[in-house]
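Data first, discussion second: the structure below is written as structure tokens.
Read-outs: derived from the displayed coordinates by stated rules, not from any lab. Bear in mind the structure is a predicted one, so any value in this text is a computation, not a measurement. Every residue, glycine as well, gets a Cβ built from its backbone with ideal geometry; the counts of neighbours run over all protein chains shown.
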Ligand SMILES: Cc1cc2nc3c(=O)[nH]c(=O)nc-3n(C[C@H](O)[C@H](O)[C@H](O)COP(=O)(O)O)c2cc1C
């Protein structure tokens, strides 16, 4: 098997991974990261596995699986509840040239959990194990990983991880929160440390996730917990330099940050016009345009725009009026 997770774990500790984020880690965001600071592994946003088997839905969903050659290593993430569909999705991802397949076993959203997918699989270990087995069949020589949480309503890492380890996925990504917490409170890195201890000797690579503020923070958390890799989600919002060890966001002039924001918006339109609504990029605007004098007013104006061209016009006027 081409287990790049294991190769990375041997070569570099910690290695860094971009977290899958719905309507965030699309091709435009990933291209920004490739240019300004590429992590060792990129993830797509999650794709509905049970939808991909439907001919009509497939047309739309395939757009979320588009990537460019400079994005390797790249993993396709799927959520779903049916093992046979995971086999099919893994086959599709393999044919598209992905480097790995990841199964979402952590999403707390009601719409996902009600389908028996995402975090619901923590309540149904039998099904979770069938899904891993099915995905492995479709994946061929590609490694299959699982992204999950530490438990449903409390820390159940001992029993839950044992279930997953018995299927020997290539890697397990542990977000240090329960399903019940959703995004509240803080990630429990002691539970992640425990996951590393439990997995010791299994050959399964463990990646920690939750609340990583900077690259330096990630290196420290990896040392403390013993994880092989660090996955980062929200930290990359408004900061395509996150994984670049040569750049600190605090030192990037505001004008440069805003220019990067517009570049991001243009890529969004180039790749995703007709697929995603322009409003999706405003999630990024809210973070790029923050933390400096006049940011609030600028954000309000950006929220009223309808295209990257209009956003650039707003930014040009802001930069002319403000010395930032
Ligand atoms: C807007 C948003 C969308 C997300 N979408 C996904 C997803 O598609 N698949 C997934 O496994 N996790 C998803 N997550 C969870 C993240 O991958 C990550 O586990 C979580 O944000 C904690 O990491 P962080 O503190 O570094 O952000 C999402 C999180 C956010 C904020």
Handout entry: Between helix 308-321 and the chain: long-axis angle, C-alpha atoms, 0 to 90°, nearest 10
Key = 50
Fill in the blank from the handout: For residue 299 and residue 35, extending 7 Å from Cα along the Cα-Cβ vector and measuring point to point gives, in nm, a value of 2.4
Completion exercise
With Cα coordinates, the longest principal axis of the chain makes an angle with the long axis of helix 254-272, in degrees rounded to 10, of 60
Completion exercise
Distance in Å, no decimals, from the C-alpha centre of segment 308-324 to the one of segment 190-259 is 32
Exercise for the section: Report, to the nearest 10°, how far helix 83-96 tilts away from the longest principal axis of the Cα atoms in the chain, using its own Cα long axis and a range of 0 to 90°. Expected result: 50
Problem - Listed peptides 207-215, 286-294 by packing density, highest first (mean Cβ within 10 Å) - result: 207-215, 286-294
Practice task
With a point put 7 Å past each Cα toward its Cβ, work out how far residue 217 is from residue 248 in nm, to one decimal.
Solution key: 1.5
Problem - Segment residue 69-residue 317, length gained on full extension (0.36 nm per residue, minus Cα span) - result: 85.6 nm
Handout entry: Fewest-first ranking of 60, 103, using other Cβ atoms within 10 Å as the exposure measure
Key = 60, 103
Practice task
Please list 235-243, 303-311 highest first by mean number of surrounding beta-carbon atoms within 10 Å per residue.
Solution key: 235-243, 303-311
Practice task
Mind sorting 257, 133 by how few other Cβ atoms lie within 10 Å of their own Cβ, fewest first?
Solution key: 133, 257
Handout entry: Zone residues, segment 104-141, relative to residue 166, backbone N less than 12 Å from point 7 Å out along Cα-to-Cβ
Key = 125-130
Fill in the blank from the handout: A student applying the Cα gyration tensor rule (rounded when a/c is under 1.5; otherwise prolate if a/b is larger than b/c, oblate if not) would label segment 4-236 rounded
Problem - Ranked packing of 73-85, 258-270, most packed first, by mean Cβ within 10 Å - result: 73-85, 258-270
Handout entry: Mean ellipticity per residue at 222 nm, deg cm²/dmol - from DSSP H runs of n ≥ 4 across the chain, formula -39500 (n - 2.57)
Key = -13000 deg cm²/dmol
